Amino acid sequence: MEKHDDDMPKDKIQQAKRWRLILGQYADDALGQATFNADDLKIERTLDFLYRREYQRRGLRQERGRHGSLDASQLTAVNWLNQARKLFPNSTFERMQSQAIERYQISSFLKDPNTLKAMEPTKALAKTLLSLRGRMSEETRDAVKTIIHKVVEDILRQIRNNFRQSLTGRRNRFRRSLVPNSRNFDWRATIAANLKHYDTQNRRLVIETPYFNSRMQQHFPWDVILCVDQSASMSSSIMYAAVCASILASLPAVNVSLIVFDTQVVDLSHLADDPVEVLMTVQLGGGTDIASAMQYCESLVNNPKRTVISLISDFEEGGSLTRLLDCTQRLNSQQVKLLGLAALDDEAQPVYDSTIAQKLADRGMQVAALTPEHFAQWLAEVMQ
């Protein structure tokens, strides 16, 4: 039996509206033609921009919406982006933006520089654009590069200081630092200096002046080789790897090599200090031949005891597992430091082949799933 707004309590009407917006126009009859006001219609129109493409994918009949002349087909990509940004929370908007490109592959998003300029530069968008870069016109390259640059700068702001500090030396207990950092907190000196502020009534120590140790500058005569899997599942990891390579390249006495691979091996060492160009160069997708990449890294080793090879991968080998394991064992026997950094997904959860990872560990590779900051600490410990 069909229900109308007049027969429904107010809270039920609101609930029906929400479900109608979620489910799209085909839920009209089931939800009693919930009446939309002007704001509701704006939200529906914005969602319908994506819904209609889903209907097309499924071969469903396209019906005229309730917008009259404001039909979703008349929305340009730029207008849709601007409207969606105003109407939805930021996390929802970012998801809609990625869906529009990745799921529905709306051509105007990939061909129009103005549309790209209107987009919110997020890591999710950057990954999507990188994966679809081969379908873009030459005119959009600069716009894509601008988005990648903004995302890279955001990542650098988040990790640069901690990453550099982890690598530039151990704590120096004889020298104070003006930079507060929990890892450098000197609790002994802090307690000793603040005992005079002990609150006898409340029986607690009041810290007026915390003390932090500085870091001893170290000069590493080390060669660091980052060997990065560029298969489709590695988009998050390769962004962070490019940023980490640029930070390492800025450190004195650290020689950085940056190798990316799928079934082919590409040496991007000359771009290691420019993460944007690295990301604009990589070709996400294809198979995986880790063995060939590791053998190429082996050819770069000049001073085994002062060399770190960090393999950043999901360890899903598509090439010869025997060659990979033999190469790993040879490098370990030469006392090359071998680190296996497992891929992380968008929720920072490890995604990798644990069986192959264990076989690499059995042959001398240390394997872990770490954030970039923890990777820096791990690298620093290895290079002591």
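The values are calculated or read from the model by the stated rules, or taken from the named source; none is laboratory data. Given the structure is predicted, the values throughout are model-derived calculations rather than measurements. Positions of Cβ are generated from backbone atoms using ideal geometry, with glycine treated the same way; all protein chains shown enter the neighbour counts.
So is GLU347 part of a loop (DSSP other than H, G, I, E, B), at pLDDT 90 or above, among the charged types (D, E, K, R) and assigned by TED's automatic domain parsing to the domain that holds ASP262 or not? Spell out how you get there, then give the answer.
Values: part of a loop (DSSP other than H, G, I, E, B): yes; at pLDDT 90 or above: no; among the charged types (D, E, K, R): yes; assigned by TED's automatic domain parsing to the domain that holds ASP262: yes.
Here the answer is no, as GLU347 does not meet what is asked.
Cβ contacts < 6 Å: first residue in the same structural domain as CYS244 (by TED's automatic domain parsing) and surrounded by fewer than 16 Cβ atoms within 10 Å (Cβ to Cβ), restricted to the stretch 260-277; second residue assigned to a loop (DSSP other than H, G, I, E, B) and modelled with pLDDT under 90, any location; separation 6+ or different chain. Result?
Listed pairs, sorted by first residue: THR263/GLY286; THR263/GLY287.
Which ones in the stretch 335-384 are crowded, with 20+ Cβ neighbours inside 10 Å, hydrophobic (A, V, I, L, M, F, W, C) and under 18 Å from GLN295 (Cα atoms)?
Result: VAL336, LEU338, LEU339, LEU341, ILE356, ALA357, LEU360, MET365.
Return the only residue of GLY319, GLY364, GLY340 being touching a helix residue (DSSP H, G or I) at 6+ places or on another chain (Cβ under 9 Å) and at positive phi. Walk me through it before giving the result.
Values: GLY319 fails: at positive phi; GLY340 fails: at positive phi.
Only one candidate passes the filter, namely GLY364.
Given LEU178, LEU75, LEU156, which one is surrounded by 15 or more Cβ atoms within 10 Å (Cβ to Cβ), of a type in the set (A, V, I, L, M, F, W, C) and modelled with pLDDT under 80? Reasoning before the result, please.
Working: LEU178 fails: surrounded by 15 or more Cβ atoms within 10 Å (Cβ to Cβ); LEU156 fails: modelled with pLDDT under 80.
After applying the criteria, what remains is LEU75.
Is it the case, given these coordinates, that ALA241 is hydrophobic (A, V, I, L, M, F, W, C), more than 22 Å from LYS123 (Cα to Cα) and either at pLDDT below 90 or surrounded by fewer than 24 Cβ atoms within 10 Å (Cβ to Cβ) (or both)? Give the steps one after another, and end with the answer.
Values: hydrophobic (A, V, I, L, M, F, W, C): yes; more than 22 Å from LYS123 (Cα to Cα): no; either at pLDDT below 90 or surrounded by fewer than 24 Cβ atoms within 10 Å (Cβ to Cβ) (or both): yes.
So ALA241 fails the test.
I need a count of the residues in the stretch 312-344 that are among the hydrophobic types (A, V, I, L, M, F, W, C) and part of a helix (DSSP H, G or I).
Of the residues in the stretch 312-344, the ones among the hydrophobic types (A, V, I, L, M, F, W, C) are 312, 315, 321, 324-325, 327, 331, 336, 338-339, 341-344.
Right, trim to part of a helix (DSSP H, G or I) and you get 321, 324-325, 327, 331.
The number of residues fulfilling the criteria is 5.
Just wondering, is there one or more residues in the stretch 109-129 that are within 30 Å of ASP39 (Cα to Cα) and modelled with pLDDT under 70?
Yes, the stretch 109-129 has at least one match.
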